[in-house]
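Structure record follows, encoded as structure tokens.
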Amino acid sequence: MALTTGIVGLPNVGKSTLFNAITQAGAESANYPFCTIDPNVGIVEVPDVRLQKLTELVTPKKTIPTAFEFTDIAGIVEGASKGEGLGNKFLSHIRQVDAISHVVRCFADENITHVSGGVDPLRDIQVINLELILADFETIDKRFTRVAKLAKTKDKEAVAELEVLEMLKAAFEEEKPARSIDFTDEQLAIVKQFHLLTIKPVLYVANVSEDDLLAPDDNEYVQKVKEFAHAENSEVIVVCAKIESEIAELEGEEKDMFLEELGIEESGLDQLIRAAYQLLGLQTYFTAGVQEVRAWTFRKGTKAPQAAGIIHTDFEKGFIRAETVSYDDLMEAGSMNAAKEKGKVRLEGKEYIVQDGDVIHFRFNV
């Protein structure tokens, strides 16, 4: 499932440091704008304790986690929508991603230059949001006159599109993103044709100093970001990119010990990956057998045959039924046989909507 979230932000807010920590891909990270010219793409495993527990229960020959894609997009500056910096190129890269992880600098450090001269997370957020809005305004403005002429002829499709364009124009003039508008399903289908930047869901990533990591709510910058995000129904993840880059170099017990020394239960990156995954409405089901235990990504609302098709198209074409048990029921029972004896394994048909955490064995015939 080729869905990706783009990591965006002003120059020198910690984007590439964070991306390197996520993927260990070695994207260039330096103390000057535009050190990341082309977007770096990295595939990461989605952390899920359930996969580990299933592995312990089933003891398969191998375990395969599901994965998620991050794209590191170079820093945007004021005027990007008019081509300032490398604006046009950066905006085109954002257009290619499905969601946005917006990194915001919430720490002061005189050794790290700020492109605007000082730390102000709300100003930084508004700079980027405005550039995306201006780019979107240009997109709809090009359609407006032509669609308005068609609408005068009572063309039904044009009338419907014009209504949407007017809603978007009103929002943009108030410097509000497209995602702030409550569209109907029919209107949203029209909006999707425009490939707008501001319709994409956003997750804010507050990058704090090492000193603030354990008590982020004491950081006034973080508080401001949370208030802003809450107003637009977005989520905030707090990380220290510097520490995350150190954690990323550790594995197993070393990593656990380091986290324990820091006094945190889970790395910020694990939280970020999971939050970005969920931001796109993605969920996980599992297959579990002696050959392998595996996690599979699916869109929330997916029916059983389409979920089977993620494994192989033949599974969808010849779908018969899905033998399904919830992860919680399986773990409580202690084995698949015990779960069957307790009546926890269900036979689901073509209309079954797969749930997050389902453990499924698909029956098919081609």
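The values are calculated or read from the model by the stated rules, or taken from the named source; none is laboratory data. Predicted, not measured: the structure shown is a model, and the values here were computed from it. Please note: Cβ atoms are built from the backbone with ideal geometry, for glycine as well, and neighbour counts cover all protein chains shown. Side chains included, ligands, DNA and RNA excluded: accessible areas come from the protein's heavy atoms. Shrake-Rupley method; radii C 1.70, N 1.55, O 1.52, S 1.80 Å.
Scan region 278-311 for residues that are touching a helix residue (DSSP H, G or I) at 6+ places or on another chain (Cβ under 7 Å) and among the hydroxyl-bearing types (Ser, Thr, Tyr) and jot them down.
Once the filter is applied, which keeps residues that are touching a helix residue (DSSP H, G or I) at 6+ places or on another chain (Cβ under 7 Å) and among the hydroxyl-bearing types (Ser, Thr, Tyr), region 278-311 yields only TYR285.
Let's see how each residue does on (1) open to solvent by 60 Å² or more (accessible area, probe 1.4 Å); (2) modelled with pLDDT of 90 or more; (3) in contact with an Asp or Glu (Cβ under 6 Å, 6 or more places away or on another chain); (4) of a type outside the set (A, V, I, L, M, F, W, C):
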position: LEU10; (1), (2), (3), (4): no, no, yes, no
position: LEU18; (1), (2), (3), (4): no, no, no, no
position: VAL41; (1), (2), (3), (4): yes, no, no, no
position: LYS62; (1), (2), (3), (4): yes, yes, yes, yes
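Return the only residue of ASP155, ASP182, ASP217, ASP211 being open to solvent by 70 Å² or more (accessible area, probe 1.4 Å), at pLDDT below 95, among the acidic types (Asp, Glu) and not assigned by the TED database to the domain that holds ALA21. Don't jump to the end; show me each part of the working.
On the way: ASP155 fails: open to solvent by 70 Å² or more (accessible area, probe 1.4 Å); ASP217 fails: not assigned by the TED database to the domain that holds ALA21; ASP211 fails: not assigned by the TED database to the domain that holds ALA21.
Sole residue among the options that is open to solvent by 70 Å² or more (accessible area, probe 1.4 Å), at pLDDT below 95, among the acidic types (Asp, Glu) and not assigned by the TED database to the domain that holds ALA21: ASP182.
Is there a residue in region 175-192 that is among the aromatic types (Phe, Trp, Tyr) and part of a helix (DSSP H, G or I)? Talk me through it step by step, then tell me what you get.
As a first pass, look at region 175-192 and keep what is among the aromatic types (Phe, Trp, Tyr): 183.
Okay, now just the ones that are also part of a helix (DSSP H, G or I), so none.
The answer is no, given that none of the residues of region 175-192 is among the aromatic types (Phe, Trp, Tyr) and part of a helix (DSSP H, G or I).
Applying the selection to region 311-332, what residues are under 16 Å from VAL293 (Cβ atoms) and either part of a helix (DSSP H, G or I) or aromatic (Phe, Trp, Tyr) (or both)?
Selection gives ILE311, TYR327, LEU330, MET331.
Would you check if there is a residue in region 263-285 being open to solvent by 70 Å² or more (accessible area, probe 1.4 Å), under 30 Å from GLU341 (Cβ atoms) and in a loop (DSSP other than H, G, I, E, B)?
No, there is no match, as no residue in region 263-285 is open to solvent by 70 Å² or more (accessible area, probe 1.4 Å), under 30 Å from GLU341 (Cβ atoms) and in a loop (DSSP other than H, G, I, E, B).
In region 126-146, which residues are touching a residue at least 24 places away in the same chain (Cβ under 8 Å) and hydroxyl-bearing (Ser, Thr, Tyr)?
Scanning region 126-146 gives a single hit, THR139.
Which of the residues belonging to region 138-152 are more than 14 Å from GLN193 (Cα to Cα) and open to solvent by 70 Å² or more (accessible area, probe 1.4 Å)?
GLU138, ASP141, THR145, ARG146, LYS149, LEU150, LYS152
Counting only residues that are assigned to a helix (DSSP H, G or I) and open to solvent by less than 30 Å² (accessible area, probe 1.4 Å), which one in region 115-128 is nearest to GLN187 (Cα to Cα)?
Going through region 115-128, the residues assigned to a helix (DSSP H, G or I) turn out to be 121-128.
Restricting the remaining residues to those that are open to solvent by less than 30 Å² (accessible area, probe 1.4 Å) gives 121, 124-125, 127-128.
On the way: PRO121: 33, ASP124: 31, ILE125: 27, VAL127: 28, ILE128: 26 Å.
Only one residue tops the list, namely ILE128.
Report yes if some residue within region 27-35 is open to solvent by 50 Å² or more (accessible area, probe 1.4 Å), under 19 Å from the mean Cα position of the chain (by Cα) and either at pLDDT below 60 or more than 24 Å from LEU250 (Cβ to Cβ) (or both); otherwise report no.
no
Name the residues in region 168-179 that are more than 22 Å from the chain's Cα centre (by Cα) and crowded, with 17+ Cβ neighbours inside 10 Å, would you? Step through it out loud before you land on a result.
Start the filter on region 168-179 by keeping residues that are more than 22 Å from the chain's Cα centre (by Cα), which leaves 168-175.
Those that are more than 22 Å from the chain's Cα centre (by Cα) and crowded, with 17+ Cβ neighbours inside 10 Å: LEU168, ALA171, PHE172.
Looking for something surrounded by 19 or more Cβ atoms within 10 Å (Cβ to Cβ), touching a residue at least 40 places away in the same chain (Cβ under 8 Å) and either in contact with a Leu (Cβ under 7 Å, 6 or more places away or on another chain) or within 30 Å of SER209 (Cβ to Cβ) (or both) - is there at least one such residue anywhere in region 246-260?
At the first step, the residues of region 246-260 found to be surrounded by 19 or more Cβ atoms within 10 Å (Cβ to Cβ) are 247.
From what's left, touching a residue at least 40 places away in the same chain (Cβ under 8 Å): 247.
If we keep only those that are either in contact with a Leu (Cβ under 7 Å, 6 or more places away or on another chain) or within 30 Å of SER209 (Cβ to Cβ) (or both) too, we end up with 247.
Scanning region 246-260 turns up at least one residue that is surrounded by 19 or more Cβ atoms within 10 Å (Cβ to Cβ), touching a residue at least 40 places away in the same chain (Cβ under 8 Å) and either in contact with a Leu (Cβ under 7 Å, 6 or more places away or on another chain) or within 30 Å of SER209 (Cβ to Cβ) (or both).
Quick check: anything in region 309-327 touching a strand residue (DSSP E or B) at 6+ places or on another chain (Cβ under 8 Å), among the acidic types (Asp, Glu) and within 15 Å of PHE286 (Cβ to Cβ)?
Within region 309-327, one or more residues are touching a strand residue (DSSP E or B) at 6+ places or on another chain (Cβ under 8 Å), among the acidic types (Asp, Glu) and within 15 Å of PHE286 (Cβ to Cβ).
So, in region 221-245, of the ones that are over 17 Å from the mean Cα position of the chain (by Cα) and polar (S, T, N, Q), which residue ends up surrounded by the most Cβ atoms within 10 Å (Cβ to Cβ)?
If we filter region 221-245 for residues that are over 17 Å from the mean Cα position of the chain (by Cα), which is where we start, we get 221-228, 230-231, 240-245.
In the following step, the residues that additionally are polar (S, T, N, Q) were identified as 223, 245.
Numbers: GLN223: 15, SER245: 19.
The extreme case among them is SER245.
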